[in-house]
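Please treat every number below as a calculation from the coordinates, not as lab data. These numbers were taken from a predicted model, which means no experiment stands behind them. In this analysis, Cβ positions are derived from the backbone assuming ideal geometry, glycine residues included, and neighbour counts consider all displayed protein chains.
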Amino acid sequence: MAWVWVVIAIVVVVVVALVVMGVRRRRTAMLRGHFGPEYDRAVENSEDQRAAEANLRAREKQRAQFDLQPLPEATRLGFASEWRDLQERFVDQPAQATGAADALITRVMEARGYPMKDFDAQAELVSVDHPDTVENYRFAHAVQQRAEMHQASTEDLREALLRYRSLFDELLRPEGNGAAGVTADQARPASYDNGQRVTAGSDAQVPAARSAGQADGLGARESDSAGPAVSDTEYDNQQIGRGDVR
């Protein structure tokens with residue numbers, strides 16, 4: 001009869017192993033489905049897949065410790081108006097405008113309830129709620145830091161501003177109930193541009209910044225007498241040389 005117990009023990013071990021494997025696979029599928037490209041980035045920057053998944057679960061647990069607050073409409077309008085102002089300043093002061101965008105997003109995060117920590121920790125928390133745009137945030141912040149040392153071109157700065165905007169629009173969008181919220185295009189408010197995101201492979205055309213006495217190379221708003229009026233969305237996109245970026 002001893003062999004029967006051996007067989008039973010082997011079967012139990014196999015069943016337990018299959019269950020554990022199934023749980024791990026489901027957990028991996030859930031993390032990959034939620035974090036998307038951020039999952040792959042975590043794996044690349046970790047010792048192995050298990051360590052990466054532990055890091056992502058730790059982010060989720062930390063994020064669950066605090067509640068994000070919706071922005072009052074007046075506050076959302078104020079932030080959107082500030083974005084339009086800095087976006088218009090980009091024409092003549094691209095580095096200053098990009099720095100202002102970085103500071104504005106930090107203020108929006110703080111107003112929503114994100115704890116203000118060092119940038120890397122802050123980005124990890126943002127990745128839980130905005131996994132599709134957090135890499136845009138990292139890219140833009142890196143460009144902004146280079147700009148402080150005068151090592152970023154106007155093209156780099158324009159790309160950074162586009163990427164900042166992808167996260168900014170998501171942070172301003174109200175949660176739940178399918179409500180359509182104010183974004184950078186709606187400071188007065190105006191029409192919303194469906195929240196187009198900037199991806200790493202953006203191929204938007206980037207014209208040169210304006211110099212003194214030069215025509216507006218970033219597409220300034222045409223006067224009413226010059227032809228058809230430009231919509232607010234088109235104007236905002238032109239101000240930073242934005243094409244159909246998806």
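Simple point charges give the picture: +1 on the Cβ of Lys and Arg, -1 on the Cβ of Asp and Glu, and for the range 66-135 a dipole about the Cα centre of about 240 debye.
In this structure, the amide hydrogen of Gln93, modeled 1.01 Å from its nitrogen in the peptide plane, lies closer than 5 angstrom to no residue at least 5 positions away or on a different chain.
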